[in-house]
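See structure below.
The values are calculated or read from the model by the stated rules, or taken from the named source; none is laboratory data. Computed from a prediction, not measured in an experiment: that's the story for all the values here. When we count neighbours, we look across all protein chains shown, and the Cβ atoms used for this are built from the backbone with ideal geometry, even at glycine.
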């Protein structure tokens, strides 16, 4: 076994006790060709969280790239499922099962939303998949839609475009700047949410507009 493989194994935290941990799952697609696409903004937010809170994404378990650390003093596992978007729930459910955590109490899912303009985020405590296949998979595998989520706006697809082509496309430079600022807001929102202030996060960020 190589050094890197040993490192992956040694860094995984012990299973949580008493539900005192959050799983923050950003949805996206693995492989370099999908980097910086609209569909991968969930991964982008996880990377921003890891940067802000100095969390190393050095665990490869549960069909995900993960990082263990703390956000605002609360233990978290950051996760980027590697099962491809439409099967995201397989990885998320495996993580929750391993740590004996509840999706309704210990999970925050971050993903792209074509109904929001670039730069906007929207926080919800629960809800339907809204046509998002990654969220649909998480709901199916966790058997609940009562988990918190942060939607990151990527803009509505232009008329005549195929939705899959649109979400697998990349932002313009102007859009990218707005989305990067939205990722900063999403990171702040996670800080509120893991410390029991989801309502405050909703009040602050759901109405926020970008020019």
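Miscellaneous remarks
- On inspection, residue 87 passes the criterion of being touching a helix residue (DSSP H, G or I) at 6+ places or on another chain (Cβ under 8 Å), assigned to a helix (DSSP H, G or I) and within 18 Å of residue 167 (Cα to Cα).
- Boolean, residue 95 is outside any strand (DSSP E or B) and closer than 20 Å to residue 20 by Cα: yes
- For the range 25-54, the set of residues classified as in a loop (DSSP other than H, G, I, E, B), more than 22 Å from residue 103 (Cα to Cα) and either over 15 Å from the mean Cα position of the chain (by Cα) or in contact (Cβ under 8 Å) with a residue 40 or more places away in the chain (or both) consists of 30, 31, 36, 53, 54, listed by residue number.
- Looking at 116, 49, 87, just one residue is closer than 16 Å to residue 194 by Cβ and either touching a strand residue (DSSP E or B) at 6+ places or on another chain (Cβ under 9 Å) or at pLDDT below 95 (or both), and that residue is 49.
- Against the test of being closer than 19 Å to residue 191 by Cβ and either modelled with pLDDT of 95 or more or under 15 Å from the mean Cα position of the chain (by Cα) (or both), the options 65, 76 yield a single qualifying residue, 76.
- Residues of the range 1-46 satisfying the condition of being modelled with pLDDT under 95 and within 21 Å of residue 93 (Cα to Cα): 8, 9, 11, 12, 13, 14, 15, 16, 17, 18, 19, 20
- Residue under evaluation residue 164, criteria (1) at pLDDT below 95; (2) over 13 Å from residue 112 (Cβ atoms), criterion not met: (2)
- Matching option when the condition is part of a loop (DSSP other than H, G, I, E, B) and either at pLDDT 95 or above or more than 18 Å from the chain's Cα centre (by Cα) (or both), among 210, 122: 210
- Residue match in the range 99-110 (condition: without any contact (Cβ under 8 Å) to a residue 40 or more places away in the chain, surrounded by fewer than 21 Cβ atoms within 10 Å (Cβ to Cβ) and not in a strand (DSSP E or B)): no
For every residue, the table says whether it meets (1) touching a helix residue (DSSP H, G or I) at 6+ places or on another chain (Cβ under 6 Å); (2) touching a residue at least 60 places away in the same chain (Cβ under 8 Å); (3) part of a loop (DSSP other than H, G, I, E, B).
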residue: 118; (1), (2), (3): yes, yes, yes
residue: 146; (1), (2), (3): yes, no, yes
residue: 164; (1), (2), (3): no, no, no
residue: 203; (1), (2), (3): no, no, no
